Amino acid sequence: MKREQWGSRTGFILAAVGSAVGLGNIWRFPYMAYENGGGAFFIPYLFAMLTAGIPFMILEFTLGHKYRSGAPKTLRALNNKFEWLGWFQVMISAIIAFYYVVVIAWAISFAYFAFTQAWGEDSNAFFFGEFLGLGDDSAPSNLGNLQWNLLFPLCLAWAATYFATYRGVKGGIEKVNKVLMPLLFVMVLLLIGRIIFLPGALNGINWLLEPDFSKIWDLKVWSAAYGQIFFTLSVGFAIMLSYASYLPEKSDINNNAFMTVLMNCGFSILAGIMIFGALGYMANAQDKALTDVVSSGVGLAFVTLPTAINLLPAPGVMGPLFFLALMFAGISSHISIAEAVTTGLMDKLGWSRPKTATVFCSVGLVVSMMFITQGGLLLLDLVDYFINNIALLGSCLLELLLVGWLCRLQDFRAHANSISEFTIGNWWAVCIKFVSIAMLVVILFNNIKTAF
Ligand code: TYR
């Protein structure tokens, strides 16, 4: 049977951008930049983008395009002793799919609450207490106690992913991303357009962008920049490779990779301006210092920002807009994570797409219920920590070692160049074989040291 294909180049790029642009761009990047030198962080970040992000993206697109299959089969084609690495990548994706969806479910609930700011005055007590059921008297490690209020949004989030992966590349994934991505950019621009005129907002943005050049001599800052690039681009765990396996014969790989990476990093900067604008306004309205309001991750999205939304003009419009944006960013990434698993299984087991999507999404729904129990948040934090700080980076490193040192890297460069309008030089191979690998070793070593 002929392999499915993307309907258009725009469709492919939007899907790849949809995968890269996720919760991480909104709640991880702004804080990362702020913590690591503000405006000065953009120097290592740009460096990381050029020497690791774009080269890695070109590599994944090339592998997918050349071998036309998911990670296990592709890595087996490279070296038959390495099929396990493909499965390891599929497993990482599966695990991420199980918990990432839970955060989308929270965002769905909060988009609904946002119309009336149902979280009230004390958003901290609301999120942890009322919403997640982690009152003082409850045992937070109890995995048996299902939070029923989360079951419906969880099913909705899985339904979106199921719809897209069941319908397939052109009729599902591409269609969804063609709607969600433009909407996401417009929504964030609208939010910025309003926030930027509020008192204190420019101060907040200034906190983000003010460069502290002393930091750029710090290796930790460089590790943070490279770490953020690997995280944000969805490379090294089967995703971009699977998406690229559906590219038509004639595809400008190099150009597509540049566009995907640039749009993703551009979006991160927009998200930073939106978040720090809101934080600056909030600090001003509450007469606080920025250090008292700045945060990242779950705390930023579900505790700090709801309080900021309470203070905004027209909170019933701005609030839903923000949480819908978070939801769209999350869903388009979740679809790609699930597709990495679906493609991997389909290509290897010969199952049909509907069967694979149905099996994976049903198993996924059941497993994710673990994360909507009382101990769910604790478990989510733990799994997320190990997956992102160790497993994912380890997988990136092994993939680069395999292609860079055990395969003929120049063959891949030749493949990419043969179908691309502008060609990549030998710098590409240097970035893969030396720069990216060296940075991954440093970050991974550091993370393992901190974890144990
Ligand atoms: N790049 C996306 C994001 O930033 C997708 C992603 C999801 C990346 C989970 C890593 C990860 O662990 O959200």
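The values are calculated or read from the model by the stated rules, or taken from the named source; none is laboratory data. Values in this document were obtained by computation on a predicted structure and should not be read as measured data. Cβ: placed from backbone, ideal geometry, glycine included. Neighbour counts: every protein chain shown. Heavy atoms of the whole protein, side chains included, go into the accessibility calculation; ligands, DNA and RNA do not. Shrake-Rupley method; radii C 1.70, N 1.55, O 1.52, S 1.80 Å.
Kindly indicate which of Leu262, Leu311 is open to solvent by 10 Å² or more (accessible area, probe 1.4 Å) and closer than 15 Å to Ala201 by Cα. Full working, then the answer.
On the way: Leu262 fails: closer than 15 Å to Ala201 by Cα.
Of the residues listed, the single one that is open to solvent by 10 Å² or more (accessible area, probe 1.4 Å) and closer than 15 Å to Ala201 by Cα is Leu311.
Rundown of residues vs (1) of a type in the set (A, V, I, L, M); (2) within 16 Å of the ligand (Cβ to nearest atom); (3) closer than 30 Å to Ile443 by Cα, yes/no style:
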residue	(1), (2), (3)
Phe360	no, no, no
Met369	yes, no, no
Thr373	no, no, no
Leu377	yes, no, yes
Asp381	no, yes, yes
Phe386	no, yes, yes
Ala391	yes, yes, yes
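I need a count of the residues in the range 16-41 that are near the ligand (Cβ under 9 Å from one of its atoms) and in a loop (DSSP other than H, G, I, E, B).
Of the residues in the range 16-41, 3 are near the ligand (Cβ under 9 Å from one of its atoms) and in a loop (DSSP other than H, G, I, E, B).
Under 30 Å from Leu311 (Cα atoms), open to solvent by less than 10 Å² (accessible area, probe 1.4 Å), of a type in the set (Gly, Ala, Ser) and in a helix (DSSP H, G or I): does that describe Ala107?
Here the answer is yes, as Ala107 does meet what is asked.
Across the range 65-103, which residue is farthest from the ligand (Cβ to nearest atom) among those that are within 18 Å of Arg408 (Cα to Cα) and of a type in the set (S, T, N, Q)?
Selected residue: Asn80.
Please determine whether any residue of the range 194-202 is without any contact (Cβ under 8 Å) to a residue 12 or more places away in the chain, assigned to a helix (DSSP H, G or I) and surrounded by fewer than 21 Cβ atoms within 10 Å (Cβ to Cβ).
As a first pass, look at the range 194-202 and keep what is without any contact (Cβ under 8 Å) to a residue 12 or more places away in the chain: 197.
Keeping just the survivors that are assigned to a helix (DSSP H, G or I) gives none.
Checking the range 194-202: not a single residue is without any contact (Cβ under 8 Å) to a residue 12 or more places away in the chain, assigned to a helix (DSSP H, G or I) and surrounded by fewer than 21 Cβ atoms within 10 Å (Cβ to Cβ).
Being at pLDDT 95 or above, surrounded by fewer than 24 Cβ atoms within 10 Å (Cβ to Cβ), more than 21 Å from Glu174 (Cβ to Cβ) and out of contact with any Lys or Arg (no Cβ under 9 Å at 6 or more places or on another chain): is that true of Leu75 here?
It is false that Leu75 is at pLDDT 95 or above, surrounded by fewer than 24 Cβ atoms within 10 Å (Cβ to Cβ), more than 21 Å from Glu174 (Cβ to Cβ) and out of contact with any Lys or Arg (no Cβ under 9 Å at 6 or more places or on another chain).
Pick from Ser336, Ser395, Ser332: which is open to solvent by less than 10 Å² (accessible area, probe 1.4 Å), at pLDDT 95 or above, of a type in the set (Ser, Thr, Tyr) and closer than 23 Å to Leu440 by Cα?
Ser395 is the lone residue from the list that is open to solvent by less than 10 Å² (accessible area, probe 1.4 Å), at pLDDT 95 or above, of a type in the set (Ser, Thr, Tyr) and closer than 23 Å to Leu440 by Cα.
Go over the candidates Asn426, Asn447, Asn417 one by one and state the one that is out of contact with any Cys (no Cβ under 8 Å at 6 or more places or on another chain) and within 16 Å of the ligand (Cβ to nearest atom).
Of the residues listed, the single one that is out of contact with any Cys (no Cβ under 8 Å at 6 or more places or on another chain) and within 16 Å of the ligand (Cβ to nearest atom) is Asn447.
Is the range 225-242 home to any residue that is farther than 13 Å from Asn25 by Cα, away from the ligand (no atom under 16 Å from the Cβ) and either of a type in the set (A, V, I, L, M, F, W, C) or more than 23 Å from the chain's Cα centre (by Cα) (or both)?
no
Would you check if there is a residue in the range 365-374 being within 26 Å of Phe230 (Cα to Cα) and either in contact with a Phe, Trp or Tyr (Cβ under 8 Å, 6 or more places away or on another chain) or buried (at least 18 other Cβ atoms within 10 Å of the Cβ) (or both)?
Within the range 365-374 (the criterion being within 26 Å of Phe230 (Cα to Cα) and either in contact with a Phe, Trp or Tyr (Cβ under 8 Å, 6 or more places away or on another chain) or buried (at least 18 other Cβ atoms within 10 Å of the Cβ) (or both)), the answer is yes, since at least one residue qualifies.
Going by the structure shown, is Ile173 in contact with a Phe, Trp or Tyr (Cβ under 6 Å, 6 or more places away or on another chain), assigned to a helix (DSSP H, G or I), within 16 Å of the ligand (Cβ to nearest atom) and open to solvent by less than 30 Å² (accessible area, probe 1.4 Å)?
On the way: in contact with a Phe, Trp or Tyr (Cβ under 6 Å, 6 or more places away or on another chain): no; assigned to a helix (DSSP H, G or I): yes; within 16 Å of the ligand (Cβ to nearest atom): yes; open to solvent by less than 30 Å² (accessible area, probe 1.4 Å): yes.
In short, no.
Report yes if some residue within the range 263-270 is away from the ligand (no atom under 14 Å from the Cβ) and closer than 30 Å to Ser69 by Cβ; otherwise report no.
Among the residues of the range 263-270, not one is away from the ligand (no atom under 14 Å from the Cβ) and closer than 30 Å to Ser69 by Cβ, which makes the answer no.
Please determine, by comparing only the residues of the range 274-292 that are surrounded by fewer than 21 Cβ atoms within 10 Å (Cβ to Cβ) and in contact with a helix residue (DSSP H, G or I) (Cβ under 6 Å, 6 or more places away or on another chain), which one is nearest to Met57 (Cα to Cα).
Leu290
How do the pairs read when you match residues in the range 220-244 that are open to solvent by less than 10 Å² (accessible area, probe 1.4 Å) with residues anywhere that are of a type in the set (Lys, Arg) and within 14 Å of the ligand (Cβ to nearest atom), using Cβ under 8 Å and keeping only pairs 6 or more apart or on different chains?
Correct list of pairs: Gln228/Arg28; Thr232/Arg28.
May I ask you to verify whether Lys449 is among the basic types (Lys, Arg) and without any contact (Cβ under 8 Å) to a residue 40 or more places away in the chain?
yes
Check the range 58-66 and report whether any residue there is surrounded by fewer than 21 Cβ atoms within 10 Å (Cβ to Cβ) and either farther than 30 Å from Leu377 by Cβ or at pLDDT 95 or above (or both).
yes
For Ile54, are the conditions met, namely being over 19 Å from Gly404 (Cβ atoms), in a helix (DSSP H, G or I) and touching a Phe, Trp or Tyr at 6+ places or on another chain (Cβ under 7 Å)?
Taking the combined requirement at face value, the residue does not satisfy it.
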